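Below you'll find the structure, written out as C-alpha cells, and then a few comments.
No value in this document is a laboratory result; all are computed from the given coordinates. Since this is a predicted model, take the numbers as computed values, not measurements. Virtual Cβ from ideal backbone geometry, glycine too; neighbours counted across all protein chains shown.
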Amino acid sequence: MSWPLHVTGIIGGGFAGGDLSAADLEAAAQKMLSASHMSTPAAGGALTINGVALGDYDYVVKRGNQTVSSFSEAAWFTATADSRAAFCVVNGDLTINGGQVFQPANRKLFTVLYVKGTLTLNGTVSMSERGASHAGIAAGAIRIATGTRGGVSNPEIPAAGGAGGAADAAGTAGSSGATGGGGGGGRSGTGAASGAAGTSFSGGAGGGGGRGGSSTGAFGATAGSADGGAGGDGAGWTGGGGSGGGGGAGNPGGTGGTAGNPGADGSPGTGGVLVIFCDSLAGTGVAKADGAAGGDSGNSSVAGGGGGSGGGSVTIVAGSDGSTVVVSAAGGAGGSAAGNYPGGAGGAGTARKLVG
C-alpha cells in the first residue's frame, strides 16, 4: 500500500487549532496540513483520539521543503511541560542533517512528527528523557493509525506499559512493554524500593537504593512515583555515618540517601513517546526515546544503586524505507554500587518501523 492512499484528502479549510477529535494520530496530523506556514508553534486545544481524551496539544506547520542544519527548539516546540502533546507537521520534505538533535527542551505527553514527503534523517529525533509527569492526566490508549501498517492492525500505544522492577539484591529490571517500567533499587536487606510502571505517556520511574554500613537515624528508600513522576529517594542515615543508596531516575530524579558516604541523585527523565509519519524514509540517523540512569550508591559494599527509568515508545510509519535509521527505546541503566547491589535497569519500551 503506497503512502498517498493513507492520506484522508483534507487539503483545505485553513486549520487554526482549537479542540481536535480524530480517529488516530495520522488523521489528526493530516487535518493540520491546510494550516498556513508557522514560524513558531501555537497552543491548540483539547485532543481526543479514537474517543480517548489525551490532554491538550500544541502544533506547528511548516509549508514547503525544510532542512534542519542548526536546530532551533523554539521553531518547533513550546515551553509548556507535561500537559500537552506536540505535533510537528511538514507539508513537504524534511531533512535533518548529521549532528542535529531534534528534541523538545521540555517534557511532552508525546511528540508526533508528520512529514508529507520524504524524511531524510541523518541526525537524531529524540524523546529520550522527555516522558511526561502526568499525575493530573489519565493515561489512555493512543491509536496511531487505522488499518494495517507494516503488518500491524490498528497500531496503538497501550495505556499501560511494563511493570516496575522489585527491590532486591541486584535491583530487578523493570518489565519491557509498550513503555518500559522503572527499575527497582538495589538492596542488601536494608530499605530499597521498587520502580513504577510505564504508561502511554512515559516510561516508569526508578526506585531508590538501599543504605549500607551503620550509623544512627536510619530511613528507608522510597518507590518510584506513578505516572512518570519522581524517582525514588535512596535510603540513608541521619547520624553522619554509613552509606546512602542511589536515587532512582524520574521526573525529577530521586535524591541520593544522606550519609557519611551519600548516594548520588538519580538522573532526571523517563523515556518519552515519539511517533513519526513519512511518505518515504531515508538517511543514517537515529530515532530514540530512551530512559535515564539511576544514581550510584555511596562507597559501601552493602549500599545499593538507584533504579533506572523505563524506555519510552518509538514508532515510525513510512510508505517506504530505504534508510538505515536506527530506532531505540532502551531503559536507563541502574546505578552502580561498590558491592553487589546495583540498581535495576529500566525496562525496554517499544521501538519499531511500520513500513508499507
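Overview of results
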| read-out | value |
| --- | --- |
| Inverse mean reciprocal Cα-Cα distance (Kirkwood Rh) of region 168-252, Å | 12.2 |
| Among GLY343, GLY183, GLY45, residue whose mean-square fluctuation peaks in a GNM of the chain (springs only between Cα atoms under 10 Å) | GLY45 |
| Pairwise FRET efficiency - ALA74 versus VAL52, Cβ, R0 = 25 Å, nearest 0.05 | 0.25 |
| With eigenvalues of the C-alpha gyration tensor scaled by 5 and rooted, region 78-140, Å | 25, 13, 8 |
| Residue order, fewest to most beta carbons within 10 Å, for TRP76, TRP237 | TRP76, TRP237 |
| Average projected area [Cα convex hull, the chain], square nanometres | 16.0 |
| The chain - share of DSSP beta bridges that are antiparallel (%, nearest 5) | 20 |
| Overall Cα dimensions of region 296-349 - principal axes, largest extent first, Å | 54, 16, 12 |
| Percent of beta bridges antiparallel (DSSP, region 13-102, rounded to nearest 5) | 25 |
